[in-house]
Amino acid sequence: MVHSVELVFDPATEAVIRDIWDALRDAGIPSQAPASRPHATLTVAERIDPAVDELLSPLTTRFPMPCTIGAPLFFGRAKAVLARLVVPTAALLDVHAEVHSRCMPHLRPGPMSNALPDAWTAHVTMARRVVPAQMARAVRIAGKPAEIKGAIVGLRRWDGNAKREFAI
């Protein structure tokens, strides 16, 4: 399993995302509900040393941070991941760069390439394993509302092996 450092949202934003997850599930599309908490991953590796929690704690003064969750997008084709873009702002990109810099020495074997600065796409996963026949319906469901105005309220470290989150 993987470990990650993630952005977490305010309760109202989480509720809108969970409603989308439920609508996707009800339509027979393999959504994230109820297995996960809405989040946007900042960095991910096979293992992240818990020492990063202390190194990242000064960043919590930047929250809450307003955010806009925008357009739906797919990663992959045959069994794709459906996500919604977290619209990048200078503040968000700065937090990502800081998290990357502070975590680098503590990621084993190193960060996954899609989490590197200049390669990162901020997103919230809506569904996994979406097949082409489901894509149009999935986008219609996941794309409403067109924009979700919300707030990022903090960071967490996720231990995928233990299925446990640690608030930072």
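The values are calculated or read from the model by the stated rules, or taken from the named source; none is laboratory data. All values derive from a computational prediction rather than experimental measurement. Virtual Cβ from ideal backbone geometry, glycine too; neighbours counted across all protein chains shown. The protein model used for the area step is the full one, side chains on, heavy atoms only, and it has no ligands, DNA or RNA in it. Shrake-Rupley method; radii C 1.70, N 1.55, O 1.52, S 1.80 Å.
Some observations on this one:
- Distance distribution P(r), the range 1-86, all Cα-Cα pairs, bin width 10 angstrom from 0: 13, 41, 34, 11, 0 percent.
- The charge dipole of the range 3-167, taken about the Cα centre with unit charges on the Cβ atoms of Lys, Arg (+1) and Asp, Glu (-1), comes to about 660 debye, rounded to the nearest 20.
- Residues ASP159, ASP26 ordered from highest to lowest accessible area at a 1.4 Å probe: ASP26, ASP159.
- Net charge over other residues, Cβ less than 13 angstrom from the Cβ of SER31 (K, R count +1; D, E count -1): +3
- Shown for the range 10-168: the carbon plus sulfur share of the solvent-accessible area, taken with all protein chains present and a 1.4 angstrom probe, equals 56%.
- Ordering LEU7, ALA136, PRO66 by Cα displacement along the dipole of the range 1-152 toward the positive end leaves ALA136 in first place; charges were set at the Cβ atoms of Lys, Arg (+1) and Asp, Glu (-1).
- Distance cut-off 22 Å, percentage of C-alpha pairs in the range 13-168 lying past it: 43
- Spatial separation of Cα centroids for the range 99-116 and the range 16-40, in angstrom: 28
- Degrees separating the helix 132-142 axis from the principal Cα axis of the chain, which is the longest one: 70
- Sites LEU73 and ALA51, calculated FRET efficiency, Cβ-Cβ separation with R0 45 Å, nearest 0.05: 0.85
- Based on protein heavy atoms only, the chain ends up with 49 Å² per residue of surface accessible to a 1.4 Å probe.
- Helix 11-26 and the longest principal axis of the C-alpha atoms of the chain enclose an angle of approximately 40°.
- Approximate spin-label separation ALA91-ASP22, in nm, with each point projected 7 Å along Cα-to-Cβ: 2.9
- Between the beta carbons of ARG140 and LEU116, assuming R0 = 45 Å, the FRET efficiency works out to 0.90 to the nearest 0.05.
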